[in-house]
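For reference, the structure is listed below as structure tokens.
Values in this text are rule-based calculations from the coordinates and carry no lab data. Keep in mind the model is a prediction, meaning the values are calculated, not measured. Here the Cβ is made from the backbone with ideal geometry for all residues, glycine too, and neighbour counts use every protein chain on show.
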């Protein structure tokens, strides 16, 4: 049975840019890439398979996981007094945090932290949290600071602090740009262990199974389909 994740528009704008399943917006670099380096589905002379990253199912599964929240309006970035200056239309879109709130963060670039103002609240079923992260495998001029929120209990909108990847960037971040990838995650308690003989035997069996096929080995033998709609 499907679990439901509920997005609610909390803004006064009924036509606010809506979140979409990540699978609906595959980036062009990925769509345009050939599945095989030689553009032919045939093994190399040494028995290896000349597949590109497009055949890597863990990459694909990450690319299409969850949902994308998109910028509801244009943002223009320019420079003023040696620091990035942000402009946007009448919609309240960006707030700021002082450097002192995270002075030693590895993403810190010497300027205050801008923060996307997100108008979408999210509600997940009991026991499910939501991971908010930078949209993966997608070109971007900024990177948000990821976070994990218990959205079964806290359903107010979550905003997204970010940094510019190039502090000298100037230009347009257009309306509709993905600003966060949203992935619901079931909360469970975990305890770490270290594998022994049984786990080694299992790993050997997996490796032996993989060695019997040229193509789509992980996809056909082990991958489980995940759907977000």
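In table form, for the structure just shown:
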read-out	value
Looking only at the range 133-148, and only at residues there that are assigned to a loop (DSSP other than H, G, I, E, B) and out of contact with any helix residue (DSSP H, G or I) (no Cβ under 6 Å at 6 or more places or on another chain), the one that is surrounded by the fewest Cβ atoms within 10 Å (Cβ to Cβ)	139
Filter pass, residue 130 being within 16 Å of residue 84 (Cα to Cα) and either in a loop (DSSP other than H, G, I, E, B) or under 18 Å from the mean Cα position of the chain (by Cα) (or both)	no
Of all residues in the range 32-83 being in contact with a strand residue (DSSP E or B) (Cβ under 7 Å, 6 or more places away or on another chain) and part of a loop (DSSP other than H, G, I, E, B), the one that is farthest from residue 224 (Cα to Cα)	74
Failed item in (1) over 22 Å from residue 133 (Cβ atoms); (2) within 25 Å of the chain's Cα centre (by Cα), with residue 10 passing the rest	(1)
Any chance residue 57 is more than 29 Å from residue 10 (Cβ to Cβ), in contact (Cβ under 8 Å) with a residue 24 or more places away in the chain and surrounded by 14 or more Cβ atoms within 10 Å (Cβ to Cβ)	yes
Residue check for residue 82: surrounded by 11 or more Cβ atoms within 10 Å (Cβ to Cβ), on the phi > 0 side of the Ramachandran plot and either under 26 Å from the mean Cα position of the chain (by Cα) or free of Cβ contacts under 8 Å to residues at least 24 places away in the same chain (or both)	no
Flag for residue 223 being more than 23 Å from residue 114 (Cβ to Cβ) and touching a residue at least 60 places away in the same chain (Cβ under 8 Å)	yes
Any hit, the range 154-162, residues being farther than 23 Å from residue 7 by Cβ and either under 20 Å from the mean Cα position of the chain (by Cα) or surrounded by 15 or more Cβ atoms within 10 Å (Cβ to Cβ) (or both)	no
Residues that are within 19 Å of residue 223 (Cα to Cα), surrounded by fewer than 16 Cβ atoms within 10 Å (Cβ to Cβ) and touching a helix residue (DSSP H, G or I) at 6+ places or on another chain (Cβ under 9 Å), drawn from the range 22-53	35, 53
Residues that are in a loop (DSSP other than H, G, I, E, B) and either in contact with a strand residue (DSSP E or B) (Cβ under 7 Å, 6 or more places away or on another chain) or under 23 Å from residue 89 (Cβ atoms) (or both), drawn from the range 168-208	169, 170, 174, 175, 176, 177, 187
Qualifying residue in the range 23-36 (condition: under 12 Å from the mean Cα position of the chain (by Cα), in contact (Cβ under 8 Å) with a residue 12 or more places away in the chain and closer than 26 Å to residue 154 by Cβ)	no
Selection from the range 109-126 of residues that are in contact with a strand residue (DSSP E or B) (Cβ under 6 Å, 6 or more places away or on another chain) and more than 18 Å from residue 159 (Cα to Cα)	109, 111
Checklist (1) under 23 Å from residue 29 (Cα atoms); (2) part of a strand (DSSP E or B) applied to residue 114, failing item	(1)
